[in-house]
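The values are calculated or read from the model by the stated rules, or taken from the named source; none is laboratory data. Note that the coordinates shown come from a computational prediction; the quantities given were computed from them, not determined experimentally. We place every Cβ from the backbone using ideal geometry, glycine too, and count neighbours over all the protein chains shown. Only protein heavy atoms, including side chains, enter the accessible area calculation; ligands, DNA and RNA are left aside. Shrake-Rupley method; radii C 1.70, N 1.55, O 1.52, S 1.80 Å.
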Amino acid sequence: QVRLVESGGGLVQPGGSLRLSCVASGNIFSINAMGWYRQAPGKERELVATITTTGITNYADFVKGRFTISRTNAKNMVYLQMNSLKPDDTAVYFCNAMNPMYSVWGQGTQVTVSS
């Protein structure tokens with residue numbers, strides 16, 4: 001079983017930056033890929049970025065050039081560096097870990113971009 005805990009959310013002004021962290025515990029060696037998703041009020045959860053255990057990354061078009069996903073060599077932590085934040089980035093951000101047998105979610109961390 002894999003468990004995920006996110007941190008790093010908060011309130012930031014437009015144009016500012018935040019760094020989200022996600023720590024995985026449990027059977028971390030079973031994880032194939034980790035990622036970040038977000039859900040704004042009244043909207044469906046959407047992919048932000050993913051990273052495989054080999055370091056291959058994938059980004060949603062709306063964050064390319066602004067957000068960067070990375071992970072530790074121990075592969076038990078994943079980060080999301082968010083720059084040039086916009087009000088439309090306001091959402092609850094969820095960490096995800098997956099392999100062919102499961103998809104596990106963290107509890108989410110709120111990111112609010114507002115002046």
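Miscellaneous remarks
- Residue within the range 99-109 that is over 15 Å from Val2 (Cα atoms) and touching a strand residue (DSSP E or B) at 6+ places or on another chain (Cβ under 7 Å) present: yes
- Complete set of residues in the range 6-55 that are on the phi > 0 side of the Ramachandran plot and either in a strand (DSSP E or B) or under 10 Å from the mean Cα position of the chain (by Cα) (or both): Gly10, Gly26
- Selected residue [touching a Lys or Arg at 6+ places or on another chain (Cβ under 6 Å) and touching a residue at least 60 places away in the same chain (Cβ under 8 Å)] from Tyr102, Tyr93: Tyr93
- Looking at Gln1, Gln13, just one residue is modelled with pLDDT of 95 or more and of a type outside the set (Val, Ile, Thr), and that residue is Gln13.
- Subset of the range 61-74 (residues that are open to solvent by less than 50 Å² (accessible area, probe 1.4 Å), over 14 Å from Asp88 (Cα atoms) and outside any strand (DSSP E or B)): Thr72
- Here the range 44-74 is the region considered, the condition is being among the charged types (D, E, K, R) and touching a strand residue (DSSP E or B) at 6+ places or on another chain (Cβ under 8 Å), and the residue that is nearest to Leu18 (Cα to Cα) is Arg66.
- Residue check: Asn58 meets all listed conditions (1) outside any loop (DSSP other than H, G, I, E, B); (2) open to solvent by less than 40 Å² (accessible area, probe 1.4 Å) but one, namely (2).
- Candidate set from the range 86-98 (those that are in contact with a Gly (Cβ under 6 Å, 6 or more places away or on another chain) and over 14 Å from Gln1 (Cα atoms)); member that is most open to solvent (accessible area, probe 1.4 Å): Val92
- Residues of the range 46-55 satisfying the condition of being within 23 Å of Gln1 (Cα to Cα), β-branched (Val, Ile, Thr) and open to solvent by less than 70 Å² (accessible area, probe 1.4 Å): Thr50, Ile51, Thr52, Thr53
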